[in-house]
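Participant: Dropping a structure here in structure tokens format, bear with me for questions.
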């Protein structure tokens, strides 16, 4: 752990939290809803994923046993707003089957599995990449695993804390190795990054609105030079 990096990361989080307030993420009523939502949110906005979740809920299908036994075409019809709905229907059905068979559809039983072993099990499922698996680990199982997305890589490379084009693993290590393993911190920090990426640090950034610019003259952000 590098003290200077730790200070910078915590100062950035503090600036974001002050500007945006606590994000209360992930927006779901149950751990299983979070798990399904993580799959539905792949390559699409949360607005679209949330509509697909609501469709499943309204149809009485947001249940692991029902999803595990459903025809993928029936699932697909309900999750059209999430895009790539045929692929996602297969992924949800397979995930639900594993959740029922191996974890008794019990989030506590799933969360009791050692973090590394559970991550490997999730990554072994078709269509579950690192971001989706880590989202399930952090938000549904309350494991201290930092979730990385495209916003994270974009923002922290602009701040000079990551090389441009940094890998998922390198980006994750920046946070894991320089912050205490804290579920609540990792939860809201990721949500703050998403908020910043959507509203300010876009592909064409609005640097004059960035709350991080006040962090003791932090870092020469390269956003304006993209």
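Throughout, read-outs are computed from the coordinates displayed, never taken from laboratory work. Here the structure is a predicted model, which means the values were calculated and not measured. Neighbour counts are summed over all protein chains in view; Cβ atoms, including those assigned to glycine, are modelled from backbone coordinates with ideal geometry.
Participant: Taking 2.2 N^0.38 Å as the expected size of a compact globular protein, what ratio does the Cα radius of gyration of the chain give against it, to two decimals?
Facilitator: My calculation over the Cα atoms of the chain gives 1.06.
Participant: Please report the spacing between the Cα centers of the stretch 81-104 and the stretch 9-58 in Å, no decimals.
Facilitator: 18
Participant: What distance in nm lies between label points placed 7 Å from Cα along the C-beta direction at residue 101 and residue 198?
Facilitator: 3.6
Participant: Oh, and also: Would you look at the GNM of the chain, springs on alpha carbons closer than 10 Å, and say which of 62, 137, 40 moves the most?
Facilitator: Highest fluctuation of the listed residues: 62.
Participant: Can you give me the Rg/Rh ratio for the stretch 31-140, using Cα atoms for both radii and the Kirkwood formula for Rh?
Facilitator: Details: Rg = 12.7 Å, Rh = 13.6 Å.
Reported Rg/Rh, Kirkwood definition of Rh: 0.93.
Participant: How would you order 147-154, 193-200 from highest to lowest mean count of nearby Cβ atoms within 10 Å?
Facilitator: 147-154, 193-200
Participant: Would you please state the base-10 log of I(q)/I(0) at q = 0.20, 0.22 1/Å for the stretch 70-195, with intensities from the Debye formula using one equal scatterer on every alpha carbon?
Facilitator: Here the Debye-derived log intensity ratios amount to -1.17, -1.27.
Participant: Could you sort the peptides 25-35, 123-133 by per-residue average Cβ neighbour count (10 Å cutoff), highest mean leading?
Facilitator: In decreasing order of mean packing, 25-35, 123-133 become 25-35, 123-133.
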